[in-house]
Amino acid sequence: RAEIIAIVADIRQSIDYFGGIFDWDKSTLRLSELNALVAESDFWDNPMHAQEVMRERTHLEKALNELGDITRDLEDTIELIELGEEENDHNIASEGEQLLKDLLQKCSKSQLEALLSGELDDIPNFRA
């Protein structure tokens, strides 16, 4: 149980880390603005600008989806473990624990990739 609590804490810390450098609300709003731009009939009239917009849109979508997925997966896995414990089903609890370990690896990998790739550098909704 202590290991599960530690893993959950590490995942939440990773989520908080991204929350510290990534403004969810501003990014969601900006993504909506970019989607509206892309939908305009003259969007591709300026290919250079269109490429910049698409690049920013892609980065924001990726970041929002990844952070949302990790948050959802964490909550779902916690519920699975709690269900396994309530039902006294060690297989379900063990499966949940493995899912948590996998999610922690995903968080660590995502965090490292974001920092090393420089993808956070060009996006205005990331905090320095």
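Each reported figure results from applying straightforward, stated rules to the coordinates on display, with no laboratory input. Given the structure is predicted, the values throughout are model-derived calculations rather than measurements. Reconstructed Cβ throughout: ideal geometry from the backbone, glycine too, with neighbour counts over all protein chains shown.
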Region 1-67 and region 77-91 have their Cα centres apart by a whole-number Å value of 32
Among GluC sites (Glu not before Pro) in region 28-86, those in a DSSP loop whose Cβ has at most 14 other Cβ atoms within 10 Å are Glu40
Rounded to 0.05, the calculated FRET efficiency for the beta carbons of Thr28 and Gln105 at R₀ = 25 Å is 0.40
Length gained, Asp89-Asn65, 0.36 nm per residue minus C-alpha separation, equals 5.5 nm
For the pair Ile15 and Glu52, the simple spin-label estimate (label points 7 Å beyond Cα toward Cβ) gives in nm 3.5
Here, trypsin sites (Lys or Arg not before Pro) of region 1-93 satisfying both criteria (DSSP loop; at most 16 other Cβ within 10 Å) are Arg1
